[in-house]
Amino acid sequence: MPEAVKPKLEAVAEEQAPEPQVKPLTFKLRKPVDAHGEKVSEITFREPTGADIEAAGLPVNIDFSFDPPRIEFDARKMSAMMSLLAAVPPSTIRALAPKDWSTCAWGLASFFIPDLA
């Protein structure tokens with residue numbers, strides 16, 4: 001009688017949930033600016049990475065000694081970050097109208113505020 005066939009035990013890889021995809025953030029500009037030699041009326045930012053923070057610096061400072069905590073931007077670092085994330089030259093970011101710059105900065109701020117829960 002043939003020997004009973006034993007099933008082979010195979011390691012089953014744990015199924016990992018796919019990383020959530022963050023959609024690029026697009027902002028309509030109040031005032032068009034030049035980017036790569038053409039006028040643009042909106043600007044799109046990709047999600048930042050740790051490498052972007054190393055390159056541009058951390059553009060958001062949070063002071064937890066206030067209630068609620070105070071959030072401030074480092075304008076130079078935020079402008080550098082915007083340039084990286086939008087893949088536009090720094091001159092494009094410098095040309096943004098103040099309201100456009102602020103709208104973009106506040107839109108990106110959530111990427112740099114830690115989850116504290």
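The values are calculated or read from the model by the stated rules, or taken from the named source; none is laboratory data. All values derive from a computational prediction rather than experimental measurement. Neighbour counts are summed over all protein chains in view; Cβ atoms, including those assigned to glycine, are modelled from backbone coordinates with ideal geometry. Note: areas computed on protein heavy atoms with side chains; ligands, DNA, RNA excluded. Shrake-Rupley method; radii C 1.70, N 1.55, O 1.52, S 1.80 Å.
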Checking residue 68 against (1) of a type outside the set (A, V, I, L, M, F, W, C); (2) within 13 Å of the chain's Cα centre (by Cα); (3) surrounded by fewer than 16 Cβ atoms within 10 Å (Cβ to Cβ); (4) not in a strand (DSSP E or B), only one condition comes out false. Which one? (2)
Could you check region 93-117 and list, in sequence order, the residues that are in a loop (DSSP other than H, G, I, E, B) and surrounded by fewer than 18 Cβ atoms within 10 Å (Cβ to Cβ)? 95, 97, 113, 114, 115, 116, 117
What residue, among those in region 5-54 that are open to solvent by 80 Å² or more (accessible area, probe 1.4 Å) and hydrophobic (A, V, I, L, M, F, W, C), is modelled with the highest pLDDT? 5
Across (1) assigned to a loop (DSSP other than H, G, I, E, B); (2) open to solvent by 60 Å² or more (accessible area, probe 1.4 Å), residue 84 clears everything bar (1)
Which of (1) touching a residue at least 60 places away in the same chain (Cβ under 8 Å); (2) touching a His at 6+ places or on another chain (Cβ under 8 Å) is the odd one out, the single condition residue 112 does not satisfy? (2)
